[in-house]
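S.K.: First, the structure itself, so that you have it in front of you.
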Amino acid sequence: MKWVASSVLAFAFIWATALAAAAEKRVALVVGNDAYVNLAPDKQLKKAINDARSVAETLSDLGFAVSRAENVGRLELNSLWSSFLTTIEPGDVAALYFSGHGVEVGGVNYLIPRDIPVLAADQVELLKSESLSFESMMDALRKRRPRVSLFILDACRNNPFTDPRGKSLGSESGLARVDPPEGTFVLYAAGVGQRALDRLSDTDLNPNSVFTRALLPVLREPGLKLTDVARALKETVRNLASTAVPSHHQTPAYYDEVIGDFCLAGCEKWGAPRPPPKIAPEPGSNFRDCDTCPEMVVVPSGTFRMGTDKATDPDHDPSEAPRHEVRISPPFAVGRFEVTFEEWDACMAAGGCNGYRPSDGGWGRARHPVINVSWADANAYVSWLAAKTGKV
């Protein structure tokens, strides 16, 4: 979870990402399938489209030219994949993110389009013709000779082809191990035989799946190689899934054949070394990054209407117009209260805040809101806090 420290640091991130992207062409295909027209209601997904939108935005910020598609059938999915392949040139960085149903049959993994027909346990050949073989996709991309091929699959769901007797076409849940070609990195939302959760419960308000909500902030973290990203996710997702109703076991898996170092957000870290990041608490919950840090609250992704107009507000002021939609994405954290003298003094004691000790004007210090600070002073505090916590 990142919280915006200052326009200077935000610009530094964008500038660093742009430099990395300038050295190589980055292209991505992002697909989210929620609604499966021929599957039962309990096989439908709730968050796959939101996952695709969030990942597409994140990859775009990381310098990728992104093609995104939602609820696509077999013909469209094949067409998208074929067109995507034609954009890949030797030396490029190519990424595929897929959120939806996947199934393993005979050790082979298949990504399921939204118009897959209802299949019986013995209709393996029909499954093969009506879906996309993941192993074939890896091989096709290998032939385009990109420098790095990144596959992220949030598709280790419950098998959608299970009959009332419990008999299924392929494994009950999860995807099979893969042997990726050189230059390829594969990240699964769950380990072999495990089921990836779409949500923690029916009242889970987070717009993203359990895996993808953990993935998004880690993708943006500077200094993390792909293996670092995967390792950071293993513990985070496992812990988060354990809070599901009922408790669930889910640990992401990865397969690495990338040669050399590759970091999505650049391999140079900012500030002091720090351990791999973990996802911040769920939207609406409070947390502190350290004992003397401000208390934060997580603001979830979403949209709301801002402003008023004459038709809806009799006390409307022209400065409140026009009424418009505001989008928050991705989630971020903000201070729950004003920065206090106690928190400011901790910064000063640690050598930050330019050593400035503002006067309290006789109002008292401790937990009172800090006063007599300028914009430059506030920026110095935020810069110190960013360096201390490793978050921007």
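S.K.: Identify, by number, the condition in (1) under 19 Å from residue 218 (Cβ atoms); (2) modelled with pLDDT under 80; (3) open to solvent by less than 50 Å² (accessible area, probe 1.4 Å); (4) touching a strand residue (DSSP E or B) at 6+ places or on another chain (Cβ under 6 Å) that residue 263 doesn't meet.
M.R.: That leaves (2) as the condition not met.
S.K.: Here's something else I'd like to know. Taking interchain pairs and intrachain pairs at least six residues apart, which have beta carbon atoms under 7 angstrom, with the first residue in region 184-210 and free of Cβ contacts under 8 Å to residues at least 24 places away in the same chain and the second assigned to a loop (DSSP other than H, G, I, E, B)?
M.R.: 193/171; 193/174
S.K.: Further, regarding this structure: Condition first: modelled with pLDDT under 95, in a loop (DSSP other than H, G, I, E, B) and within 22 Å of residue 156 (Cβ to Cβ). Can you find one or more residues in region 47-64 that meet it?
M.R.: Scanning region 47-64, I find at least one residue that is modelled with pLDDT under 95, in a loop (DSSP other than H, G, I, E, B) and within 22 Å of residue 156 (Cβ to Cβ), so the answer is yes.
S.K.: In region 366-392, what residues are open to solvent by 50 Å² or more (accessible area, probe 1.4 Å), of a type outside the set (A, V, I, L, M, F, W, C) and not in a helix (DSSP H, G or I)?
M.R.: 367, 368, 369, 372, 374
S.K.: How about region 199-226: which of its residues are open to solvent by less than 30 Å² (accessible area, probe 1.4 Å), under 19 Å from residue 299 (Cα atoms), among the hydrophobic types (A, V, I, L, M, F, W, C) and assigned to a loop (DSSP other than H, G, I, E, B)?
M.R.: Correct list: 200 only.
S.K.: For residues that are of a type in the set (A, V, I, L, M, F, W, C), closer than 21 Å to residue 288 by Cβ, open to solvent by less than 60 Å² (accessible area, probe 1.4 Å) and in contact (Cβ under 8 Å) with a residue 24 or more places away in the chain, tally how many sit in region 326-365.
M.R.: Let us first name the residues in region 326-365 that are of a type in the set (A, V, I, L, M, F, W, C), namely 326, 328, 332-334, 337, 339, 341, 344, 346-350, 353, 363.
Keeping just the survivors that are closer than 21 Å to residue 288 by Cβ gives 332-334, 337, 339, 341, 344, 346-350, 353.
If we keep only those that are open to solvent by less than 60 Å² (accessible area, probe 1.4 Å) as well, we get 333-334, 339, 341, 344, 346-348, 353.
Now narrow it down to the ones that are in contact (Cβ under 8 Å) with a residue 24 or more places away in the chain: 333-334, 339, 341, 344, 346-347, 353.
Number of matching residues: 8.
S.K.: Would a scan of region 106-115 turn up a residue that is within 30 Å of residue 92 (Cα to Cα), in contact with a His (Cβ under 7 Å, 6 or more places away or on another chain) and part of a loop (DSSP other than H, G, I, E, B)? Quick ask: steps written out before the conclusion?
M.R.: Going residue by residue through region 106-115, those that are within 30 Å of residue 92 (Cα to Cα) are 107-114.
Those still in the list that are in contact with a His (Cβ under 7 Å, 6 or more places away or on another chain) too: 112.
Now narrow it down to the ones that are part of a loop (DSSP other than H, G, I, E, B): 112.
Among the residues of region 106-115, at least one is within 30 Å of residue 92 (Cα to Cα), in contact with a His (Cβ under 7 Å, 6 or more places away or on another chain) and part of a loop (DSSP other than H, G, I, E, B), which makes the answer yes.
The values are calculated or read from the model by the stated rules, or taken from the named source; none is laboratory data. Bear in mind the structure is a predicted one, so any value in this text is a computation, not a measurement. Using ideal geometry, Cβ is built from the backbone for each residue, glycine included, and neighbour counts are taken over all protein chains shown. Note: accessible area is taken over every heavy atom of the protein model, side chains too, but ligands, DNA and RNA are not part of it. Shrake-Rupley method; radii C 1.70, N 1.55, O 1.52, S 1.80 Å.
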